[in-house]
Structures are given as structure tokens and as C-alpha cells.
1. Does residue 56 satisfy the criteria of being surrounded by fewer than 21 Cβ atoms within 10 Å (Cβ to Cβ), among the acidic types (Asp, Glu) and either under 17 Å from residue 93 (Cα atoms) or in contact with a Phe, Trp or Tyr (Cβ under 6 Å, 6 or more places away or on another chain) (or both)?
2. Please tell me if residue 104 is surrounded by 12 or more Cβ atoms within 10 Å (Cβ to Cβ) and of a type in the set (D, E, K, R).
3. Among the numbered criteria (1) crowded, with 18+ Cβ neighbours inside 10 Å; (2) out of contact with any Asp or Glu (no Cβ under 8 Å at 6 or more places or on another chain); (3) among the β-branched types (Val, Ile, Thr), which one does residue 69 miss?
4. Hey, residue 96 hits all of (1) surrounded by 15 or more Cβ atoms within 10 Å (Cβ to Cβ); (2) touching a helix residue (DSSP H, G or I) at 6+ places or on another chain (Cβ under 6 Å); (3) at pLDDT 80 or above but one; which does it fall short on?
Amino acid sequence: MIKYEAKIIGETSAGLTAVEIYKNNTLIWSLDFFAQGATFQGYIDGLREAYDTATDCANVESWMDDGPIPITYSNDDSAWVIASFTPAEGWKFADPQNDGQAWDFIKTNADRIPTEIVNAWAAEFGI
């Protein structure tokens, strides 16, 4: 059975939001949505596009190109996995913590992320 998993990668400065897609634990595709920078609306659009990309990870081979070798973005002290998605298990987020970019991702996609996740993070941030 083939297992697809998408990981949303965030960075301390919120200057990087990337998606890494794995097939049977092997990285096959990745993209930094803000490699060229982003305006405020571009940041919001990029967070929504990252969500869309992650939830479509099982179809990656139908839309990925033969571009460069995928990059692992979550490999240093300032970038980490803020969420992961598998078609079988849905979304998994780290426990609420002082992670502004994860909270930005959740707020921006609150209409599509399970309510219990949004509420847990909102409670942690005092909203």
C-alpha cells in the first residue's frame, strides 16, 4: 500500500512556508511558497495554497513536474514541521505552542481545519 504524507514547514521569521510531500517516507516533491517573498495578501494566499497542496498529496504524481530534486526544508534550527497531512489520518498539528506561523496557517485555513484544532490553538493564544 502506498502512503502519501505532506508536511507543512514553517520558519521562525515566517519567511518560509513550504510543503514537502513524501511517498512511502521518501521525499518526492517540495516547494517554498515564499521563495520570492510575499505581500500581505500573497502571504494569506500562499498559506491557503499550501493547505490545498498538502490535502492533494495523494495526487502529486499527476501534477508534479520533472523539476529539480526536492529540497528538505525542515533541516535546520529555524525551520520545522508545523503540521502534517495524510489522506488516511487527516491533519496533525503539534500541541499548541508559541509558534506564530503555525497559528497563521491555522487562522488562515480555519474554515477548512477541524474545529477542535482551531479552538485548541485559539485557547492557547488567548483569543
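1. Numbers: surrounded by fewer than 21 Cβ atoms within 10 Å (Cβ to Cβ): yes; among the acidic types (Asp, Glu): yes; either under 17 Å from residue 93 (Cα atoms) or in contact with a Phe, Trp or Tyr (Cβ under 6 Å, 6 or more places away or on another chain) (or both): no.
Criteria not met by residue 56.
2. Details: surrounded by 12 or more Cβ atoms within 10 Å (Cβ to Cβ): yes; of a type in the set (D, E, K, R): yes.
Here the answer is yes, as residue 104 does meet what is asked.
3. (1)
4. In the conditions (1) surrounded by 15 or more Cβ atoms within 10 Å (Cβ to Cβ); (2) touching a helix residue (DSSP H, G or I) at 6+ places or on another chain (Cβ under 6 Å); (3) at pLDDT 80 or above, residue 96 misses (3) alone.
The values are calculated or read from the model by the stated rules, or taken from the named source; none is laboratory data. Quantities reported herein were computed from a predicted structural model and do not represent experimental measurements. Positions of Cβ are backbone-derived with ideal geometry, glycine not excepted, and every protein chain shown enters the neighbour counts.
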